[in-house]
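To start, the structure itself, in structure tokens.
The values are calculated or read from the model by the stated rules, or taken from the named source; none is laboratory data. Please read these numbers as outputs of a predicted model, since none were measured by experiment. Methodologically, a virtual Cβ is constructed for each residue, glycine included, from the backbone with ideal geometry; neighbour enumeration extends over all protein chains shown. For the accessible areas, the whole protein counts, side chains as well, though only heavy atoms, and no ligand, DNA or RNA atoms are used. Shrake-Rupley method; radii C 1.70, N 1.55, O 1.52, S 1.80 Å.
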Amino acid sequence: MRLFLKQTVALFFVWGVYGQVQEEVNPPSNIKSIIFKGPTEDQFPIIQIGETITMEFDDLMANEQDYYYKIVHCDYDWTPSDLLKSQYLKGVDNQRIINYENSYTTLETYSNYQFSIPNENVRLKVSGNYVLEIYNNNYELQFSRRFVVYKDIVQVGATVKRSRDFNFLNEKQVVQFTLNSPNFRLVNPKKEVKVAIIQNYYWPSALYNIKPQFTIGDQLVYKYDQETSFFGGNEFLLFDTSDLRAPSSQISRIDVTDLYNHYLFSDTFRKDNPYTFFPDINGDFVIRTLQGQNASREAEYTYVHFSLPYKETIGLDDVYIFGKYNNYALTDENKMAYNEENGMMEATIKMKQGFYNYKYVLQGEEEGIRPNAVSGNFHFTENNYLILVYYRNFGDMYDSIIGIGSANSRTISN
């Protein structure tokens, strides 16, 4: 009896860990500049089976440590699926990353690691949600990233509309779409089909569990207003440190200590200002340098100095610099501190040379994260929306992805 109880507790423990939602884990301070993408330039891998995803990152310890990768298949809700590894992988994961090089002629030394999937050791067999996990040689999880594999079976047509809610007429955008499946039979679409809608490839923005309003033949129609609405936000701020020695419209001055220091012009609160369009890359970043040929190994790390005036809007909330460069994490490194001498919120972040998008967000104990409290919400803002279509037939062991769609608010209409 005692043995049975021990086994039962052990089984419940394993199920509890295994059944957890696979959130993205952000890395320790020595790992930076994680680039993870598919065939496109967007750092959000969405691939069909057989296409390539690539991962690249730097280790500032520069001691050529061994790193390994593992692949986890997940269901619609990002809990691990019931599939065995042999059912979703051809080959074996838990492989060492063998392609790495040390930085060359840089003030900050680092080791740059790169690998791609599929490779000679492993390839993917089924569609769905996946998590890529990176471990060190002590088998400690360093970080993880989500990616998506789909089959192009159904067609998705999407548009972006202005909200019809008068309370948010000038602040929200609504995604309306249809699913067409002329060659794929859906017997019970309200139970078989699920969708996720994501703004600017930012997973915490995703909307789930949205049922089709109605069907017309082989078409599922999603023409909601409130259920598929997003706050528009504002265009991201930007800077470019590709040229180490050149001030620009974003960089006020440059000096050199142990590393280069780039001081950005102070930013302002844009919430109450009229909307102004200027192109951005929706929070993303691109590593590049004018001082070398190979940005992966020759780009410098520099100290980038941010500043924002303190206002009553902030109150006792924490202020963070927010962007894809650190996977939108809120950490001590990108948290701003108040400078009593000049009345500014300030932060200094070590970042690799390149072109970056960023914005300021507030976090308080009561309201949580307020992503647009500083920048404001505008229905004119250019945003990209991704629609993922999941399918599980009766008796299936996992949620497959049978189609994707996208829409951009540049073509927003009433």
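Summary of values
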{"item": "Any chance Glu365 is of a type in the set (Asp, Glu) and under 22 Å from the mean Cα position of the chain (by Cα)", "result": "no"}
{"item": "Options Ile98, Ile117: the member that is surrounded by 20 or more Cβ atoms within 10 Å (Cβ to Cβ) and β-branched (Val, Ile, Thr)", "result": "Ile117"}
{"item": "Test: residue in the range 278-286 that is over 24 Å from the mean Cα position of the chain (by Cα), hydrophobic (A, V, I, L, M, F, W, C) and over 30 Å from Lys190 (Cα atoms)", "result": "no"}
{"item": "Exclusive hit being open to solvent by less than 10 Å² (accessible area, probe 1.4 Å), touching a residue at least 12 places away in the same chain (Cβ under 8 Å), in a loop (DSSP other than H, G, I, E, B) and out of contact with any Asp or Glu (no Cβ under 6 Å at 6 or more places or on another chain), set Ile321, Ile314, Ile402", "result": "Ile314"}
{"item": "Test for Tyr303: is it among the aromatic types (Phe, Trp, Tyr), open to solvent by 30 Å² or more (accessible area, probe 1.4 Å) and free of Cβ contacts under 8 Å to residues at least 40 places away in the same chain", "result": "no"}
{"item": "Wholly enclosed strands (runs of 3 or more DSSP E) of the range 220-260 bearing at least 2 residues in contact with a helix residue (DSSP H, G or I) (Cβ under 8 Å, 6 or more places away or on another chain) and open to solvent by less than 50 Å² (accessible area, probe 1.4 Å)", "result": "229-231"}
{"item": "First in the range 220-233 and closer than 17 Å to Arg370 by Cα, second anywhere and open to solvent by 10 Å² or more (accessible area, probe 1.4 Å) and among the hydroxyl-bearing types (Ser, Thr, Tyr), Cβ under 7 Å, 6 or more apart", "result": "Phe230/Ser205"}
{"item": "Qualifying residue in the range 188-199 (condition: open to solvent by 80 Å² or more (accessible area, probe 1.4 Å), touching a residue at least 60 places away in the same chain (Cβ under 8 Å) and of a type outside the set (A, V, I, L, M, F, W, C))", "result": "no"}
{"item": "Complete set of residues in the range 52-77 that are surrounded by 15 or more Cβ atoms within 10 Å (Cβ to Cβ), of a type outside the set (S, T, N, Q) and more than 17 Å from Ser144 (Cα to Cα)", "result": "Leu60, Ala62, Tyr76"}
{"item": "Selected residue (criterion: nearest to Val156 (Cα to Cα)) from residues of the range 351-370 that are outside any strand (DSSP E or B) and modelled with pLDDT under 95", "result": "Glu367"}
{"item": "Subset of the range 264-293 that is farther than 27 Å from Asn384 by Cβ and at pLDDT below 95 - its residue that is most open to solvent (accessible area, probe 1.4 Å)", "result": "Gln293"}
{"item": "Test for Val361: is it in contact with a His (Cβ under 9 Å, 6 or more places away or on another chain) and open to solvent by less than 30 Å² (accessible area, probe 1.4 Å)", "result": "no"}
{"item": "Qualifying position, being in contact with a strand residue (DSSP E or B) (Cβ under 6 Å, 6 or more places away or on another chain) and of a type in the set (Gly, Ala, Ser), among Ser249, Ser242, Ser307", "result": "Ser307"}
{"item": "Subset of the range 329-351 that is in contact (Cβ under 8 Å) with a residue 24 or more places away in the chain and among the aliphatic types (A, V, I, L, M) - its residue that is surrounded by the fewest Cβ atoms within 10 Å (Cβ to Cβ)", "result": "Ala329"}
{"item": "Enumerated strands (runs of 3 or more DSSP E) restricted to the range 23-93, each holding at least 2 residues that are of a type outside the set (Ser, Thr, Tyr), modelled with pLDDT of 95 or more and over 28 Å from Asn200 (Cβ atoms)", "result": "89-91"}
